[in-house]
Structures are given as C-alpha cells and as structure tokens.
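**Q** Take a look at the following structure, please.
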Amino acid sequence: MIGDPVRRIVIVGGGTAGWMAAAALAKVIGALPGLTIELVESDEIGTVGVGEATIPQINLFNQLLEIDEAEFVSRTQATYKLGIEFRDWTRLGHRYIHPFGFYGVDMGGIEFHHHWLKGRSLGDDSELDDYSLAAVAARQGRFSHPRPDQPKSPLARIAYAFQFDAALYARFLRSRAEAGGVRRTEGRVVDAEQDGESGFVRALHLADDRRVEGDLFIDCSGFRALLIGQTLGVGFEDWSRWLPCDRALAVACESGEDRRPLTRSTARPAGWQWRIPLQHRTGNGYVYSSAHVSDDAAAATLLGSLDGAALGDPRALRFRAGHRREAWNRNVVALGLAGGFLEPLESTSIHLVQTGIARLLTLFPTLAFDPAEIARYNALTVQEYVDIRDFLVLHYKATERDDSEFWNYCRTLEPPPALAEKLAMFRSNGRVFREQHELFTETSWLSVMVGQGIAAGGYHPAADLLADDETLARLGHIRGVVEHTASLLPTQQQWIRQLGAG
Ligand code: FAD
C-alpha cells in the first residue's frame, strides 16, 4: 500500500556500482524488519573492470562500512594517492601536480595563494606545488596518514585516496555485502515488467524464465542502462561538445620504476593517457576523441608508452560524456555508468556512485515514492554532474597547446557559463571560489588554473598589509617546513609494508 515501507530492493548489476550499493544498503538499513536486498548480475556479460583511481572521499565510504584499511589495501592490491600529476597539458614538456589537501597557510585572514601571487610579483619564482605537503611528498615517493595530534604541522591535514584493482574491489565489497545478508542471483536480465498504469517496474525477467520482483530497483547495469534507459526511456543529456573524448583503450602492464603515490595523466594528440601504479601492476589507458584519431593510432600511442610489458591486449570502451536527465525515475534509481559518465580525468566516477548512494539513503522512499523527494534527488545529482563537468572542461580549455586539431578545438571552445565566470574572476584578481556543495575545493580550482598557466592579474589588496620582505621570508619559511616534513616520511613501499598490506 502507498506509504508502506519498501521491503524488496533489487540491484541490477554487480560492477563497482552494484556492489558498493549492496554493501552500503546492507550496512545502513539491512536490519530493517522484512527488508531484502537482492543483486542480479551476469557473469556472461561481465563488468567494465576499469576504474582504479579515487579521491579522498572514498575514506568516508570505507569508514561507513567499517573497513579495515590494511585488509582493504591488501585485498585490492591498493596503493596510496596524494594527487594527480598532469604532464603536457599546458604545453609539451610542462608538468604540475593537482594535490589533495591545501597550500601553505592563510595569513592575516587572507588566503595563502594571494601571498604567493604577491611573492611572484616581487620576483619569487617558487611553484605553488612547493607549498603543498601532498605534492612534495608525492614527488619524493613518500606517504603518511594525517597526524591531527601535530596541529601545527602540515601533516595534520594531509589528505589521501587509493588506487586499486577495480575487479578485486568489487569482489571485496561482494564478500561484505553477502555477509550482511545480500542475496546474489546469477542471471541475465532480458526484460522488465511494468505496471500498466504507473509504469513502475514490478519485476525483472531473466533469460532462464525466472522472475525477480521488487519494490525499489537500483539500476547498476553499466552503459547498458537497462532499466533507466531501455525500460523507462529516460533521456541522456549529451555534453560531448565540451568533453569530446568518446573512447578509451585500457591495458595493464608490468610495474615500472615510478612507484610514487600519484595518478599520472599525460596529454596526447587527441586526448590523454592515464597511468595508475598498483602494487602488482600498472593500469594504463588512452582516453581519446574518435573524431580526431583512429583506434589503431590510439593503440599504437598507448602501447608505445608503457612502463613494462603489456599484460594482455588493450580493451576498447565507448562512451558519451553526460548524464541521464533523471537519475531517479518512478521506482528506479540509476547509479554508476547507468546514470552517466564523466571521463576519469579527476577520478570522480566511483565518488559519484558513493554520493548517489548517500543521497538515496537520505531520501530513502516509502512505497508512496514522493515526487518532491525524487525531484530533490535529481536536482542534486544534476548539479553535482555540472560542477564536475566544469572542472574537467577547465583542463581542456586552459591549454596553450596548438599542435593538433583536438587541442585547437579544446582551447577555443566556448566554456559553460559558470566556468567562464570562474576563469574571469581568477584572471582579474586571483579570486577562487567554490559553489555551495561543490566537490572540488578552492585548492583544486587553484591548482589546475595555475598549473595550466592562467595568469592572475592581481592579488587581494590586504596581502600588502605584510611588508614585501616579510611576505618573502614567510613564503621561504613555509617552503622549508613543507620540504623538511616530507623528507621525514617513509616511502610509500615502507608504509605499505609497515601496514602489513604488501
Ligand atoms: P559495470 O562495471 O559495467 O557493471 C555493470 C554490471 O551490470 C555488470 O555486473 C554486468 O554483468 C551487469 N549487467 C549488465 N547487463 C546485464 C543484464 N542484462 N543482466 C544481468 N546483469 C547485467 N572510475 C573512477 O572512480 N576512477 C577511475 O580511474 C575510473 N576510470 C575509468 C576509465 C574508463 C575508461 C571508464 C569507462 C570508466 C572509469 N571509471 C573510473 C568508472 C568506473 O569504471 C565505473 O564508474 C565503475 O566501475 C562503475 O561501473 P558500473 O558498476 O556502473 O558498471
């Protein structure tokens, strides 16, 4: 009856999204009386199987599930990540790090970067990276957890994420979800049965004629978008004019020398290549625009720039940047690739799954499926996609590269309005701001704007309250503290060994 509790949750798909949803729902609401959670997946179809780099918010998800970090790192062959190194994005031969965390310390109530900008105007040529412990430690291959017990040290607030094997991660979550009471059903969904009047999904039909009934369906079927797209016909908002990359080739290779706790993104003639070092191998992929390079040429570029021997043939993936116009429609909520896709340039897909689950838990429905709650869920989801899209577009728009048709297209594209405003405000007086609930912080915006060579025309007038000599002395002091703190940290390999996870 309308208003009665949802009793039967059915998750379609057992990729990262499906098992994250299953594990989290089992943990948070699994004990509700009469509630069942069933996950249907097809081994025959398989998963995308890429998706190895994350952002620090993954720690919140792990905490929710009470995951022990040593077990997690060991079971998923994970490494640590302190940021992303961007190579050749601004111009060939250039590199910078987008670190997690923050730069320097605010002084006189003014954000640190205004003092740095002032220092630059006085002839100081230090890089912004020199003021980030995450960036400096990552450059040296070092790692540590934050030390809140040392509040004056930059180590107090260092932030970190993981790079892991996506298939092992899904397996790990599966074991936790099943231990929490989730039932797994192996089978291929061939059809969905809808209520004639409301269009609500009532049951899935499997290839062997089994029927799986549910009250709430979570579509984690990947790019197929079985329920949200095929059954309910919810449209797709296409953003390829801003993010023209539409294919990827992914291949793992033997581990190389560079074991620094960093994801690397190297700009290529028609896109960019990721490099994600795990404990047992390195993940690689070339994300490219099929309008600007052939699949064969992309494969040659990828295979010609690996750390070691490829472990198999490259896997081809096709996608479109954008999202479902409604992530929640009737009694179906789409998570993961079924809900949308933004290229992995800033490792945001797993995070989007996580926030989708968190929103679903916050607005968990009754059988009334209140339209106002669904509308709120959808509005929040779209805004999150828009914010991330703008941050990704920044990387492409702010480039000096003019060595290929692809980069000429990106450099000259008309940015979305909110991004145009952010760029204009930084260009005039170095102002950096973050929308209300936006994922990426001022540090992130600053690091990519500065990293990609956007010049600030000025700095906050109050930075001049510090005498010039004093500004330069303090900048030097902060750099010294950051460098010294980093030099005392263990290497990432030592850290993982100490943890007993490698
Ligand atoms: P999938 O992994 O495709 O899983 C779909 C599931 O649905 C499978 O279990 C499949 O068997 C099942 N299924 C489909 N059809 C049926 C059917 N008819 N019957 C039964 N079952 C069915 N994310 C990050 O956070 N960091 C990254 O670095 C990153 N890199 C990426 C690189 C690329 C090139 C791509 C394409 C994605 C990347 N992602 C990354 C995204 C990440 O891979 C996905 O967000 C994540 O794996 C979630 O995928 P999924 O579970 O939605 O889909």
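Bear in mind that the values in this text are calculations on the coordinates, not laboratory data. Please read all numbers here as calculations on a predicted model, not as lab measurements. Note: ideal-geometry Cβ built from the backbone for every residue, glycine included; neighbour counts use all protein chains shown.
**Q** Could you give each residue of the stretch 215-225 its phi-based ³J(HN,Hα) in whole Hz, using Karplus coefficients 6.51, -1.76, 1.60 with θ = phi - 60°, and x for Gly or Pro?
**A** Calculated HN-Hα couplings, in order: 9, 10, 10, 10, 8, 10, 8, x, 4, 5, 6 Hz.
**Q** For the chain, what is the percent of antiparallel DSSP beta bridges, rounded to the nearest 5?
**A** The antiparallel proportion sits near 70 percent.
**Q** Right, another one. List the equivalent ellipsoid semi-axes of the chain in whole Å, largest first, each obtained as the square root of 5λ for an eigenvalue λ of the Cα gyration tensor.
**A** Those come to 40, 24, 24 Å.
**Q** Roughly how far apart, in whole Å, are the Cα centres of the stretch 368-388 and the stretch 457-502?
**A** If we compute the Cα centre of each part, the gap is 39 Å.
**Q** OK, next. With +1 on each Lys and Arg Cβ and -1 on each Asp and Glu Cβ, and nothing else charged, work out how big the dipole of the stretch 1-149 is about its Cα centre, in Debye to the nearest 20.
**A** Roughly 180 debye, rounded to the nearest 20.
**Q** In cubic angstrom, how much convex hull volume per residue do the alpha carbon atoms of the stretch 151-202 span?
**A** 214 Å³
**Q** Dipole size in debye (nearest 20) for the chain around its Cα centre, Lys and Arg Cβ +1, Asp and Glu Cβ -1?
**A** 500 debye
**Q** Taking each full run of DSSP H in the chain as one helix, which ones are at least 18 Å long along their axis (Cα atoms) and have mean Kyte-Doolittle hydropathy of at least 1.0? Intermediate values should be presented prior to the final figure.
**A** Details: long enough: 16-29 (19 Å, 1.38); 166-179 (20 Å, 0.02); 349-362 (20 Å, 0.90); 371-397 (38 Å, -0.08); 417-429 (19 Å, -0.01); 468-487 (29 Å, -0.42).
TM-like helix candidates: 16-29.
**Q** Follow-up. Add +1 for every Lys or Arg and -1 for every Asp or Glu among the other residues with Cβ under 14 Å from the Cβ of Leu32, and state the total.
**A** Counting the neighbours of Leu32, the net charge comes to +1.
**Q** I'd like the Kirkwood hydrodynamic radius of the stretch 285-345, using the inverse of the mean 1/r over distinct C-alpha pairs, in Å.
**A** Evaluated on the stretch 285-345, it is 14.2 Å.
**Q** Share of Cα-Cα pairs in the stretch 339-478 beyond 17 Å, in percent? Intermediate results must be reported in sequence, preceding the final value.
**A** Details: 6765 of 9730 pairs.
That fraction is 70 percent.
**Q** Here's a follow-up. For the stretch 256-267, just list the computed ³J(HN,Hα) in residue order, Karplus coefficients 6.51, -1.76 and 1.60, θ = phi - 60°, integers in Hz, with x standing in for Gly and Pro.
**A** x, 5, 6, 10, 5, x, 9, 8, 10, 10, 10, 5
**Q** Something else now. Can you list residues from other chains, or at least 5 along the same chain, whose modelled amide H is less than 5 Å from the amide H of Arg184?
**A** Those qualifying (amide H under 5 Å, at least 5 residues apart or on another chain) are Leu39.
**Q** In deg cm²/dmol and to the nearest 500, what is the mean residue ellipticity at 222 nm of the chain if only DSSP H runs of at least 4 residues count, each as -39500 (n - 2.57), divided by the residue total?
**A** The helix-only estimate for the chain comes to -10500 deg cm²/dmol at 222 nm.
**Q** Then there is this: Mind checking the dipole of the stretch 414-486: about its Cα centre, +1 per Lys or Arg Cβ, -1 per Asp or Glu Cβ, Debye to the nearest 20?
**A** 100 debye
**Q** Under the Kirkwood approximation for Rh and a Cα-based Rg, what ratio Rg/Rh is obtained for the stretch 73-229?
**A** Numbers: Rg = 24.9 Å, Rh = 20.8 Å.
With Rg and the Kirkwood Rh in hand, the quotient comes to 1.20.
**Q** Identify the GluC sites (Glu not before Pro) of the stretch 48-121 meeting these criteria: DSSP loop state and at most 16 other C-beta atoms within 10 Å of the C-beta.
**A** Glu66
**Q** So for Val481, Val293, fewest C-beta neighbours within 10 Å to most, what's the order?
**A** In increasing order of surrounding Cβ atoms, one gets Val481, Val293.
**Q** Can you give the convex hull volume of the alpha carbon atoms of the stretch 1-160 per residue, in Å³?
**A** That works out to 234 Å³ per residue.
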